[in-house]
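Scroll down for the structure; my scribbles are underneath it.
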């Protein structure tokens, strides 16, 4: 038996080598076995097997007993990944300190100021296109807060939300209590939903990096019509601020069962 290519690529992204992946998955299916059996089943040369096993042990993916012959065991994937996440976070923190201490003083001497990429987006069509763009580029988490969701908008974005859901992306939607039960039921198939009364404005946040904030309606001086406007930014600081505010609203929202 083998794991999917998607799982293999995920393990590679965490830094595991081809040999390490083969040895670990062999242990997953075997439960426990000797180095010789692992080499035979995984196809990893016996001359390399102990180096691979030692590497996996040091990174928190395996452990062994003290019997003869020695048996090796897989740790649970959740334990192993959590250990690697801690290790990676510590490494990133260390790299950050080095770079901030050495490079930031150099940057500050230039007198330059960072200019975030911020745009005003006007019109329902343009805003809808930007929302769709954010949804399609989201890889991990999508947050949506909107005071009123027109049915035509739902029909436009629903296929993209379904695609994200099937990819395992976490989708959270905060909607107005005035939203129809039909729309709520439709969205609840792919997202976690809460309802809130008296919502003003709204927005979309993708992976804590991109944010689109609905500002409301803008009067068109030429024909006295009103047009919806929003601002879009690919800026971690602004997205983080928007996410904190979303969480504040979310905590005060009502779960669907209370609706």
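None of the figures in this text is laboratory data; all of them are computed from the coordinates on show. Keep in mind that what you see is a predicted model, and the values were worked out from it rather than measured. Counting neighbours? That spans all protein chains shown, and the Cβs are built from the backbone with ideal geometry, glycine included.
Values computed for the structure shown
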| item | result |
| --- | --- |
| Crossing angle, helix 77-109 versus the chain [Cα axis fit, 0-90 degrees, rounded to tens] | 60 |
| Gyration tensor verdict on segment 118-258 (Cα atoms; rounded if a/c is under 1.5, prolate if a/b is larger than b/c, oblate otherwise) | rounded |
| Three-way shape label, the chain, alpha-carbon gyration tensor, a/c 1.5 | prolate |
| Helix 46-58 vs. the chain, principal-axis angle (Cα, 0 to 90°, nearest 10) | 50 |
| Residue-averaged 222 nm ellipticity for the chain, from DSSP H runs of 4+ at -39500 (n - 2.57), nearest 500 | -16000 deg cm²/dmol |
| The chain, relative contact order [Cα under 8 Å, separation at least 6], % | 15 |
| Per-residue Cβ neighbour rank within 10 angstrom, fewest leading, 23, 190, 211 | 190, 211, 23 |
| Beta bridges per DSSP with both ends in segment 118-258, % antiparallel, nearest 5 | 70 |
| Segments 25-31, 180-186 sorted - mean Cβ within 10 Å per residue, highest first | 25-31, 180-186 |
| Overall form of segment 1-121 per C-alpha gyration tensor (a/c, 1.5; a/b vs b/c) | prolate |
| Residues 122, 94, sorted so that the one with the fewest Cβ neighbours within 10 Å comes first | 94, 122 |
| Distance between segment 53-75 and segment 173-210 - C-alpha centres, whole angstrom | 47 |
| Residue order, fewest to most surrounding Cβ atoms within 10 angstrom, among 232, 61, 119, 250 | 119, 250, 232, 61 |
| Degrees, to the nearest 10: 18-30 long Cα axis against longest axis of the chain | 80 |
